[in-house]
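What follows is a single structure, written as structure tokens, with notes after it.
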Amino acid sequence: MAQCPVCNTEYVAGKTKRCSVCNWDLQPVDLPRTGKFRQVLLRLQGAHLEWAREIWQNYQALAEKLSPPISPKSPLEERLEQLEAQVKAARDDREALRGELTTEKDYRYYIQSQVEWLISRLEQNSPEQMQQSIWELQQWLYANYYQQTHSSHLASEVLMDYSGLEALLAKGKWRQADEKTWEIFLRLAQREEQGWLSWEDIYNFPGTDLGTIDWLWENYSGGRFGFRVQQGIWDISGGDYTAFCDRVGWRINNNWLYYDDINFSLEATVGHLPIIGWRKRSCYGVGPGSAQDCLAWLVSRFASHPVK
């Protein structure tokens, strides 16, 4: 009998698809047979397994801590009620855990995003030497993962196509992705001709689309960029735009940056991207609102009307 790598539950190899206890996917994942990228993906797979084991251990510790002791002196009916409550709590916790433990599709996408991040880093460090290897890895990645997962996470209420934005972010083309994001915002608000956004435009943005854009930025930056990240920094700054700009690097040594001076890389300060509301200088807004107004509107949209 084989054992689940997460919770050590025994199962029949080759016949059991998922662990009956923790719901871990027990089916093997296809990897390149040889080459250094096999080693890279094996390390990523091992790191992901370690994460799942930690989640499972935390779950067991929490379940044990929350389980009320059963008094040996309690009547049989009371003991049965306690047991039923524990079973229900365990089932609820397991359902929550299933949302965190990866499904086959989520795991494939996790591998895809990590490898694409690796590709972008390799391109930045030594593009001439790595071009052929990167091209081969991209072909393998597309054939094995991307075709199966690319459309499931780009939800839109208005049938907006986010594949172009995702492609730019996956390749680490942060400036082009920022400009693409601004273009999408204007299209969502039907403000392409005017080139600016009002409070009503931001307030009426479809929540699903706003969530998709934010997820793309956060996912491909490893949690460094995105609107929710900026919202947290805004809250820490107490709604002070100058303090916010100092924290995210839009203002350095009391000087407001121009758009061309922005650091379009992963080495930028957390919250540095994306930029909504100004395109000339961070102390100037776009349209009827100041830069501070535009940021406050966007933060308010996330805080008062959570995206879907």
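The values are calculated or read from the model by the stated rules, or taken from the named source; none is laboratory data. Computed from a predicted model, the values in this text were never measured in an experiment. Reconstructed Cβ throughout: ideal geometry from the backbone, glycine too, with neighbour counts over all protein chains shown.
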Practice prompt. Working only within the range 235-253, note down all residues that are part of a helix (DSSP H, G or I) and over 23 Å from Leu216 (Cα atoms).
Written response: Ile236, Tyr241, Thr242, Ala243, Asp246
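Consider the range 254-304. How many of its residues are assigned to a loop (DSSP other than H, G, I, E, B), farther than 17 Å from Gly226 by Cβ and of a type outside the set (Ser, Thr, Tyr)? Give the derivation first.
Initial filter on the range 254-304 (assigned to a loop (DSSP other than H, G, I, E, B)): 254, 257, 262-280, 282-290.
Narrowing further to those that are farther than 17 Å from Gly226 by Cβ: 254, 257, 278-280, 282-290.
When the remaining residues are screened for being of a type outside the set (Ser, Thr, Tyr), the result is 254, 257, 278-280, 283, 285-289.
Here the count works out to 11.
Output the residue which, of all residues in the range 209-267 that are among the hydroxyl-bearing types (Ser, Thr, Tyr) and under 27 Å from Val158 (Cβ atoms), is surrounded by the most Cβ atoms within 10 Å (Cβ to Cβ). Lay out the reasoning, then the answer.
The initial filter retains those residues of the range 209-267 that are among the hydroxyl-bearing types (Ser, Thr, Tyr), namely 212, 220-221, 237, 241-242, 258-259, 265.
From what is left, the residues that are under 27 Å from Val158 (Cβ atoms) are 212, 220-221.
Numbers: Thr212: 23, Tyr220: 25, Ser221: 22.
Per the criteria, the residue is Tyr220.
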Fill in: Unmet criterion (only one of (1) modelled with pLDDT under 80; (2) under 27 Å from the mean Cα position of the chain (by Cα)) for Ile70
(2)
